Amino acid sequence: MSTLTHGQRPAEQRASGRGQPQAPGQRRPYLVMNGATMVAIAAIALTVIGILYLIQTSEVAQLGYDLSRLQTQRDALTLEISELEYELARYESLQTVEEVALTRLGMTPMSNYEFIEIQEPAQRNLTIPQPDEREPQSFFERISDAVMGVGAAESEKADTSRYTLGEVKR
């Protein structure tokens, strides 16, 4: 018979850690969740969330700086395009073309010129020759040609008889 003093527990109760005797064959739990463990897990979770928040905030700030830089670059390029369009319009003006022709290229204004009359063609409405008549292809020949990449230059559905030289018949 053993005598227990105040504050001592039997060996069985100390082994289980819960104050209840452990049955033989029953395993002790691997992780005991008490208040300190829960506080530690919450602190780790809050730390990870805080770090992720700081990373996200710095990423957003970096993207804001990149956006500002790109907008400044776009504005500079828009200004350069406007300047180039102005310069192009200046060089396209007849006055500038004449000035360049006279000064840089050494040309002189034309003084002796004649107009030449050209007669209208005798036959105004020219006909377009009709394509050669071919025998129609079977369905399988058309599929074979489509798979092999063989095509026709003319469309059978195109009505070329309504077109003439320079105008469209209605």
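See the values below:
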quantity	calculated
Residues within the range 28-38 that are in a helix (DSSP H, G or I) and surrounded by 10 or more Cβ atoms within 10 Å (Cβ to Cβ), tallied	2
Pairs, first over 22 Å from Y86 (Cα atoms) and without any contact (Cβ under 8 Å) to a residue 12 or more places away in the chain in the range 96-108, second of a type in the set (D, E) and in a loop (DSSP other than H, G, I, E, B), C-beta under 9 Å, six or more apart	none
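Per-residue answers, yes or no, for (1) surrounded by 10 or more Cβ atoms within 10 Å (Cβ to Cβ); (2) modelled with pLDDT of 85 or more:
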residue	(1), (2)
E99	yes, yes
T103	no, yes
I143	yes, yes
V150	yes, no
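The values are calculated or read from the model by the stated rules, or taken from the named source; none is laboratory data. On a predicted model such as this, the values are computed, not experimentally measured, just so you know. As a convention, Cβ positions derive from the backbone with ideal geometry for all residues, glycine included, and neighbour counts pool all protein chains shown.
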